[in-house]
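As C-alpha cells, the structure follows; a few thoughts come after it.
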Amino acid sequence: MTKISFSINLVILSGLLFVSCKSKLPETTEKNKTGEVAEKAMLVSARREASKIGVDIMKKGGNAFDAMVATEMALAVSYPFAGNLGGGGFMVYRTADGNTGSLDYREKAPLAASKNMYLDENGEVIEGKSTLGAMASGVPGTIAGIFKVHEKFGSLPIQEIVQPVIELAEKGVIVTQKQQERLQKYRDVLLQVNQDMTLYTKAYKKGDTIKNIALAHTLKRIVANGRSEFYAGETGKKMLEFLKQRGGILTEEDLLKYEAKWRDPIRIPYKEYQIISMPPPSSGGIVLGQILKMIEPYPLAGYQPNSAKYIQVLTEAERRAYADRSFYLGDSDFYDVPQDSLLADAYLSDRMSDFSFEQATPSSTITHGTISGYESNETTHYSIVDAMGNAVSVTTTLNGAYGSKLYIPELGFFMNNEMNDFSLKPGVPNMFGLVGAEANAIEPEKRMLSSMTPTIIEKNGKLWMVVGSPGGSTIITSVLQTFLNVAEFDLSMQESVSAKRFHHQWLPDEIMMEPEGFAKETIQELQQKGYKINQKESRIIGKVDAIKVLPNGNLEGGADPRGDDTAIGF
Ligand code: DON
C-alpha cells in the first residue's frame with residue numbers, strides 16, 4: 001500500500017471507528033426486577049465465562065484479589081473487545097476491615113512521544129494516527145497491574161489462579177449473538193489495519209467456538225516467568241518487534257520503566273454515604289465528586305426518576321463539572337491537579353449559583369471555574385465481593401473496540417489505542433467528543449487522562465455498593481445515575497443498572513438520552529427550557545456491572561442487559 005492510500009484509508013477507518021461506537025439497544029431493559037442474589041460472594045462481569053472463572057477461584061478459598069487476577073485475564077480471552085493484556089486499567093478496593101486504596105495500571109506515553117506527535121505540518125490532527133495501528137498505543141499496564149495486586153493481596157499461587165484461564169483459551173469461547181455482531185461490524189477495519197486475516201477476522205456465527213492457542217501460550221509463559229515475561233522477556237520482545245515493524249515507537253526501555261502505582265482514592269461524602277473512587281490520572285473520582293456535591297442540596301428523592309427536574313439538576317451539575325475536567329485534569333504526576341479546590345464545598349455551591357429551573361444554562365456561558373464525543377462501550381468493568389467481605393471494583397480497557405485494532409497473532413492479543421485519550425491539540429475533541437488542555441497534553445511517560453470510574457460506596461461506614469462502567473465520557477454519569485437510582489429512588493441493584501440513562505458533558509451542549517426510555521412530555525418540557533436533546537443516535541450509555549449489599553447481608557448483582565454481562569454468586 002502506498003503512503004497516500006494508507007492515509008486515506010486511515011481517514012475512512014477513523015470515520016468508521018467513530019460511527020462504530022454506536023451500539024444497538026437491548027430489546028428489553030427491565031426484564032428482571034432483582035438481580036442474582038447470593039449469600040457469600042458475587043462477581044459481575046461482561047462475560048459469563050469470566051464471571052464463572054472468578055467465582056470459582058473464590059469458591060476454592062481465593063479472595064476478591066485472586067478473583068480479580070483471574071477475571072482480568074479471563075476477559076482478555078473471552079472479551080477481547082476490551083479485556084486485554086495490551087491495555088491498562090484501574091482498581092479501587094476496600095478490604096473487609098475497611099481499608100481502601102486504588103491501583104493505577106494505566107498505560108503511559110512512550111519515551112519517544114512528544115506533544116505534537118499526532119499533528120501534521122500545518123498543526124492539524126492527523127486522522128487515525130492516534131486511534132489505529134502501532135502509533136496509537138501507550139505502554140501497556142495490565143500485566144504489571146495484576147502482579148502488583150497479587151503481590152500485595154494474593155492468597156493463591158498465580159499458577160492456580162491463571163490455570164483455568166489457560167484452559168478457557170485452549171478449550172475456546174462460544175460466540176454469543178452480540179459478539180457475532182461486534183466482530184462483523186469491525187471485520188473490515190480489523191482486516192485493513194492488520195492487512196491480513198487474524199483469529200478475530202474470521203466470519204464467526206453465534207455458537208461457534210474461538211480458541212486462542214497463542215494467548216494460552218503467552219499466559220503459560222507469564223505464569224512460569226512472572227511479570228518480567230511481559231516487561232523484559234520473550235513476550236515483551238515479540239510485542240516490540242511486531243510494533244516496530246509496523247512503525248511503532250515503543251522500546252525496551254519503555255517496558256522496563258513501566259510501573260503500576262498505588263494511589264490514594266478520592267473519598268466523597270454524600271449524605272450517609274462515602275463514595276470511594278479513582279483519583280488522577282482518571283477524572284472519574286473528581287468529576288463524580290463534583291457532581292454529587294453540586295446536586296446534594298436538591299431534594300432528588302422528591303422528584304420522579306428521570307423526570308424533567310431530575311434531569312435538569314444532574315445536567316447542570318454535569319455541564320459544570322465536565323468544563324472543569326477539560327481544563328484542570330491530567331496526570332497528577334506531571335501536572336498539579338487542584339483536587340482540593342475542585343472539590344471544595346464553597347466552590348461547588350458557587351458553581352451552581354446561576355442555575356435556575358426556568359431555563360437551561362448554555363454551555364457557551366460556562367467555562368472552567370476560577371479556583372484557587374462520544375463512544376460506546378469498548379471498555380469493561382467488573383465488580384467483586386468475596387466471602388470475607390473484601391470488595392474490588394475494576395475498569396480495564398484498550399480504549400476503542402479492539403483498541404488500535406492491531407492484533408499480535410503470535411501472542412494472541414490486541415494493542416491499545418489509549419494515546420487518543422490525551423489532548424492531541426487544545427480544543428480539538430477526541431473520539432469521545434472530550435476536549436482538553438495543557439493538563440492533558442502529551443509528554444513522555446505521562447499517563448493519559450481517563451474517565452474510568454471504578455467505585456466502592458459505603459453506607460454508614462459499611463460496604464454498600466461496588467459499581468463501575470465502560471462508556472468513555474459517559475462512564476462517570478452512568479456510575480452517578482446507578483448510585484442515585486438506589487440511594488434516592490430505592491430501586492433494586494438490577495433495576496438501577498437496567499434503567500435508562502442520560503448524559504451531558506458540557507460540550508457538545510446537548511443531553512444525550514437513550515432512545516425510547518424517556519417520556520415525551522419530559523423531553524418537551526426540557527426542550528421548552530432550552531435544552532437540546534440528542535436521542536437520534538441509537539446508542540447505549542454505559543454498561544454497568546454492580547453489586548449491592550442488601551440489608552440482611554446478602555449480595556445482589558446487577559448485570560447490564562445492554563451486553564452479555566452476567567452476575568454469578570454463591
Ligand atoms: O480511559 C478512558 O476514559 C477511555 N479510554 C475509556 C474508553 C471506554 O470506555 C470505551 N468505551 N466506551
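The values are calculated or read from the model by the stated rules, or taken from the named source; none is laboratory data. Since we're looking at a predicted model, the values are computed, not measured. Please note: Cβ atoms are built from the backbone with ideal geometry, for glycine as well, and neighbour counts cover all protein chains shown. When the accessible area is computed, the model is the full protein with side chains, heavy atoms only, and any ligands, DNA or RNA have been set aside. Shrake-Rupley method; radii C 1.70, N 1.55, O 1.52, S 1.80 Å.
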Quick calc of log₁₀ I(q)/I(0), the range 236-300, Debye, one scatterer on every Cα, no solvent, q values 0.13, 0.16, 0.18, 0.22 1/Å, result -0.58, -0.66, -0.72, -0.88
1/(1 + (r/R0)^6) with r = Cβ-Cβ of Glu160 and Leu256, R0 = 25 Å, i.e. FRET efficiency to nearest 0.05, evaluates to 0.30
Simple spin-label estimate for Glu124/Asp490, 7 Å along Cα→Cβ, in nm, reads 5.8
Highest mean packing first, using Cβ neighbours within 10 angstrom, the peptides 35-46, 478-489 sort as 35-46, 478-489
In the structure shown, of Lys293/Lys446; Lys261/Lys425; Lys40/Lys60; Lys108/Lys261; Lys40/Lys462; Lys500/Lys520, the pairs separated by more than 21 angstrom at the C-alpha atoms are Lys293/Lys446; Lys261/Lys425
Protection proxy (average C-beta count within 10 Å per residue), highest first, orders 204-217, 160-173, 414-427, 383-396 as 383-396, 414-427, 160-173, 204-217
The chain accessible area per residue, 1.4 Å probe, protein heavy atoms, integer Å², reads 35
Sorted by accessible surface (1.4 Å probe, heavy atoms of the protein chains only), largest first, Trp506, Trp262 come out as Trp262, Trp506
The ratio Rg/Rh over the Cα atoms of the chain, Rh being the Kirkwood inverse mean 1/r radius, stands at 0.94
In whole Å, largest first, the alpha carbons of the range 321-463 cover along the principal axes 57, 45, 33
With only helices counted (DSSP H, runs n ≥ 4, each -39500 (n - 2.57)), the per-residue ellipticity at 222 nm for the chain, to the nearest 500, works out to -10500 deg cm²/dmol
Once both label points are put 7 Å beyond Cα along the C-beta direction, the Gln180-Glu516 separation in nm becomes 2.0
Length gained, Thr209-Asp333, 0.36 nm per residue minus C-alpha separation, equals 40.3 nm
Of every hundred units of 1.4 Å-probe accessible area on the chain, the number belonging to carbon and sulfur atoms, as a percent, is 51
Taking Lys and Arg as +1 and Asp and Glu as -1, residues besides Ile476 with C-beta under 11 Å from its C-beta add up to 0
Unit-weight point scatterers at every alpha-carbon of the range 386-524, Debye formula, q = 0.09 1/Å: log10 I(q)/I(0) is -0.38
In nm², the average projected area of the convex hull spanned by the Cα atoms of the range 252-408 is 13.5
Mean Cβ-within-10 Å packing, highest first, puts peptides 354-363, 136-145 in the order 136-145, 354-363
On the formula 1/(1 + (r/R0)^6), with r taken between the Cβ atoms of Asp97 and Gln195 and R0 of 56 Å, the FRET efficiency rounded to 0.05 is 0.60
The answer for the net charge of residues other than Leu555 whose Cβ lies under 11 angstrom from its Cβ, with Lys and Arg +1 and Asp and Glu -1, is -2
The aspartates and glutamates whose Cα lies under 15 Å from the Cα of Lys459, excluding any fewer than 8 residues away in the same chain, are Asp97, Glu272, Glu488, Asp490
Here, Ala112 and Glu272, labelled 7 Å along Cα→Cβ, have an inter-label distance in nm of 5.8
For the range 116-173, shape from the Cα gyration tensor axes a ≥ b ≥ c, cut at a/c of 1.5 then a/b versus b/c, turns out oblate
